[in-house]
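In what follows, a structure is listed as structure tokens, so that the remarks can point back to it.
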Amino acid sequence: MSKIAMIGVGAMGEPMAANLMKKGAAVTVVKSRRADVVERLRGLGARIADSPSDAAAGCDTVILSLPTSREVEAVLFGERGVASTAAPGTLVIDCTTGNPPDTERIVTRLREKRIGFVAAGMTRGVAGAKQGKLAFFIGGDPSDVEKAKAVLAATGDTFIQFGSAPQAHLAKLISNVLSYATVALVNEALMLGARGGVDLPTLHRALTEGAPSKALEAFGSRIVAREYDPARVTVDHARDDMMIAHGLAGAMQAHVPLLSAAQEVYRRTSAGGQGERDVSILGESWRRGVKT
């Protein structure tokens, strides 16, 4: 039986842990502020640990589903971190949208301890996590990638493999910012329709036929209906990913004016006090005085 530490049991991590247990894995999770989540997983058979080091002890695999690389480094190398108890040969699978330079540094530090690392950024959202149909952008040493695929098969059905862990994380970051920039464009398209007196539900239906996209499907409908809760992706999360991507583009001497424009939209929205709201809250920026 696989022994897996699942660290990060939020909207994605909780259903991933549940699906791993359904497939027979022995899963340990770390206590969190969300006591209700921990208790649900305990009810499914999870062991509850007090710290990442406690969770990793005796496990052959550690899966991370955390907000950013900062949290990943803290969980791995901080006080009572994974690296303090993980045995040589342990595999860390990082499903976070990581910053590639940070990922490179993490890989090097873990290699010194003979701990493997695979980047496995995930897509298809909460619905995909609950259904066990996530798609992973995966990269690392080939033998480690094969081990990671065998573990993650309980949670997803699609693996797109890249040449290294940093490359996999870069691909996932690009995917994220493409989606968030498209949400900003979808918002402007709906604004144009509203200003022109077009019925928004009808326009949205027309756009899904004429110019379909995941962003239009997932977030355009929320903008039209003004249904912003619960947040799927927060404004601050989108802003931060765009800032990372913009910094990487600068280091590569890549000119990204459209990314810059979209990043500014999210920066202004966050500065206006909407940072913890869903990205579809962009639709409120133009609604005053517009009949929809």
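Values as computed for the structure displayed
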{"item": "First in the range 114-141 and on the phi < 0 side of the Ramachandran plot and among the basic types (Lys, Arg), second anywhere and part of a helix (DSSP H, G or I) and open to solvent by 10 Å² or more (accessible area, probe 1.4 Å), Cβ under 7 Å, 6 or more apart", "result": "130/15"}
{"item": "Among (1) under 20 Å from residue 18 (Cα atoms); (2) modelled with pLDDT of 95 or more, the one test that residue 110 misses", "result": "(1)"}
{"item": "All positions within the range 56-105 that are hydroxyl-bearing (Ser, Thr, Tyr), closer than 14 Å to residue 173 by Cα and in contact (Cβ under 8 Å) with a residue 60 or more places away in the chain", "result": "68, 96, 97, 103"}
{"item": "Listing of strands (runs of 3 or more DSSP E) fully contained in the range 113-188 that carry 3 or more residues being out of contact with any Ser or Thr (no Cβ under 6 Å at 6 or more places or on another chain) and buried (at least 23 other Cβ atoms within 10 Å of the Cβ)", "result": "116-123, 134-140"}
{"item": "Set 231, 249: member being assigned to a helix (DSSP H, G or I) and either of a type outside the set (Phe, Trp, Tyr) or touching a residue at least 40 places away in the same chain (Cβ under 8 Å) (or both)", "result": "249"}
{"item": "Elements of type helices (runs of 4 or more DSSP H) in the range 15-98, at least 3 residues being open to solvent by 40 Å² or more (accessible area, probe 1.4 Å)", "result": "35-44, 69-77"}
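The values are calculated or read from the model by the stated rules, or taken from the named source; none is laboratory data. Owing to the predicted nature of the structure, the values given are computational and were not obtained by experimental measurement. Backbone-built Cβ (ideal geometry, glycine too); neighbour counts: all protein chains shown. Ligands, DNA and RNA are excluded from the accessible area calculation, which covers all protein heavy atoms including side chains. Shrake-Rupley method; radii C 1.70, N 1.55, O 1.52, S 1.80 Å.
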